[in-house]
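The values are calculated or read from the model by the stated rules, or taken from the named source; none is laboratory data. Just so we're clear, the structure is a prediction, and the values are computed from it rather than from any experiment. Here Cβ is always computed from backbone atoms with ideal geometry, including for glycine, and neighbour counts include all displayed protein chains.
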Amino acid sequence: MAQVVVVGAGLGGLRAAEALRGQGHDVMVIGDERHLPYNRPPLSKESLKGGVEVEGLHFRRKHDDIDWRLGAAATGCSLASRVVMVDDAAYPFDGLVIASGIRPRHLPVSGPQPAVLRTAEDALALRDRLTPGASLLVVGAGCIGCEVAATARQLGCEVTVTAYDAEPMMRPLGAQLGAAMKAHHEAHGVTFHLGQGVAEFHDDGVTLADGTRLTADVVIEAVGSVPNVEWLHGNDLDLADGVLTDNLMRVLGTDVPVVAVGDIARFPNPRFDDVPRRIEHWNLPTETGKRAGQTLGALLAGEEPTGDFRPMPAFWSDQYDISLQSYGQPALGEPTLIDGEWSGDCIVEYMRGDEVIGVVGVNRTKDLMHYRQEIGSA
Ligand SMILES: Cc1cc2nc3c(=O)[nH]c(=O)nc-3n(C[C@H](O)[C@H](O)[C@H](O)COP(=O)(O)OP(=O)(O)OC[C@H]3O[C@@H](n4cnc5c(N)ncnc54)[C@H](O)[C@@H]3O)c2cc1C
């Protein structure tokens, strides 16, 4: 059997490792965090509210004979020599899984860098500071920024959100639902400063582009992500936005058996079109991890991977008493309200031409089930 090295001990790395161990390969997972794979979504929601216990967030693992090299970052890789470098060691492989995910992006402005939220340690540090009466400034109004704002309000903090976009969560939801989410937050006491970039960070807040000075006890930045690709430099791969793969998660630009999974993988999904995209939704590390396991297994056996892979992207977000659920690629379409009201519980379809390409439900999760089959099935 072959030696497989997986770089990244998150959900995608775990699922790929399990698939390959299940085929009988020897698997080593290298992870720079010191934890076994754990669940990240609760870090901005119930876990941030209730106290962060990493042990309670660990995923169940199918195999106890996978080797874990934790607290160790891959610092380099030579595909030609089939070896992954960690500071003090080199790990040879027959097949490689790239599962190193993303990290939070920082705005390129001067001043002290604010806190971010990606890891359990980030959440623990933030939780300690979100005491009742403390003021929190959230820079960025995407899902994570909005979830932290909601959780902080529930913890009794004063919360201000600032973002360049005109509405919160505008990219995944569109302007109308974004405006509705803003109204929900305002009804819970959140103050917004939108449509403005940050000009400078300070220890106690920010200066916005129009000169407005916002101050807070705690500042957190949630403005998008950067793929963790640096350890792959020098191998002539397409690392323009994550790692480019084919539809079956095989990394393009090399003959060596290499696959990529999860947030870092940029792959075409024929459910929508042939454009490679990275998607940062929780269900995709599992789906791409399993598929990548099949693909790498075939390559290690000297066979051409076959099959059809059309995963349905799905995300959810919980804020106050609101549960958002989405299927497909809403960001690629124009929103159309089909049931309910923008400001209340509703279902919104996202149209590309006359095709439904995505859907979002506000407190309507059960009513969306049929979209899982329908979207992209034409
Ligand atoms: C706070 C938060 C809330 C979220 N909420 C939701 C939600 O409500 N709904 C939803 O759909 N999705 C949500 N997500 C997104 C979801 O958690 C991710 O899509 C998922 O965790 C991605 O898994 P992954 O395995 O690709 O990457 P990761 O889980 O990031 O795993 C990658 C691992 O590789 C490690 N690594 C990086 N570089 C190296 C290196 N050089 N060497 C070794 N290891 C390395 C990283 O430290 C990390 O441990 C949320 C994410 C966060 C952070």
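Among the residues making up the range 244-260, those that are in contact (Cβ under 8 Å) with a residue 40 or more places away in the chain and either in a loop (DSSP other than H, G, I, E, B) or closer than 19 Å to Pro104 by Cα (or both) are Asn247, Leu248, Met249, Thr254, Val256, Pro257.
Which residue, of Asp263, Asp241, is surrounded by fewer than 17 Cβ atoms within 10 Å (Cβ to Cβ) and either part of a loop (DSSP other than H, G, I, E, B) or modelled with pLDDT of 95 or more (or both)? Selected residue: Asp241, the only one of Asp263, Asp241 that is surrounded by fewer than 17 Cβ atoms within 10 Å (Cβ to Cβ) and either part of a loop (DSSP other than H, G, I, E, B) or modelled with pLDDT of 95 or more (or both). In this structure, is Pro285 in contact (Cβ under 8 Å) with a residue 40 or more places away in the chain, under 18 Å from Met170 (Cα atoms) and not assigned by TED's automatic domain parsing to the domain that holds Gln154? Judged against the criteria, Pro285 is not a match.
Rundown of residues vs (1) within 16 Å of the ligand (Cβ to nearest atom); (2) in a loop (DSSP other than H, G, I, E, B); (3) in contact with a His (Cβ under 7 Å, 6 or more places away or on another chain); (4) farther than 29 Å from Ala19 by Cβ, yes/no style:
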position	(1), (2), (3), (4)
Ala141	yes, yes, no, yes
Ile144	yes, no, no, no
Glu147	yes, no, no, yes
Ala166	no, yes, no, yes
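Taken over the range 21-52, residues that are more than 15 Å from the ligand (Cβ to nearest atom) and among the charged types (D, E, K, R) amount to 2. Name every residue in the range 181-212 that is of a type in the set (D, E, K, R), surrounded by 14 or more Cβ atoms within 10 Å (Cβ to Cβ) and closer than 24 Å to Ile322 by Cα, in order of residue number. Lys182 - this is the single residue of the range 181-212 that is of a type in the set (D, E, K, R), surrounded by 14 or more Cβ atoms within 10 Å (Cβ to Cβ) and closer than 24 Å to Ile322 by Cα. Anything in the range 285-334 that is more than 25 Å from Asn363 (Cα to Cα) and of a type in the set (Phe, Trp, Tyr)? List them, or say none. Within the range 285-334, just Phe309 meets the criteria. Residues in the range 285-299 that are over 10 Å from Phe309 (Cβ atoms), within 11 Å of the ligand (Cβ to nearest atom) and buried (at least 21 other Cβ atoms within 10 Å of the Cβ): Pro285, Gly289.
Of the residues making up the range 99-118, just one is in a strand (DSSP E or B) and away from the ligand (no atom under 16 Å from the Cβ), namely Ser110.
Matching residues to (1) surrounded by fewer than 22 Cβ atoms within 10 Å (Cβ to Cβ); (2) assigned to a loop (DSSP other than H, G, I, E, B); (3) touching a residue at least 60 places away in the same chain (Cβ under 8 Å):
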site: Glu280; (1), (2), (3): yes, yes, yes
site: Thr306; (1), (2), (3): yes, yes, no
site: Pro311; (1), (2), (3): yes, yes, no
site: Leu337; (1), (2), (3): yes, no, yes
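Scanning the range 58-98 for residues that are surrounded by 14 or more Cβ atoms within 10 Å (Cβ to Cβ), more than 11 Å from the ligand (Cβ to nearest atom) and aliphatic (A, V, I, L, M) gives Ile66, Leu79, Val83, Leu96. Number of residues in the range 35-57 that are assigned to a helix (DSSP H, G or I) and of a type in the set (Val, Ile, Thr): the value is 1.
Taken together, the criteria exclude Trp231 from residues that are surrounded by fewer than 18 Cβ atoms within 10 Å (Cβ to Cβ), within 16 Å of the ligand (Cβ to nearest atom) and of a type in the set (A, V, I, L, M, F, W, C).
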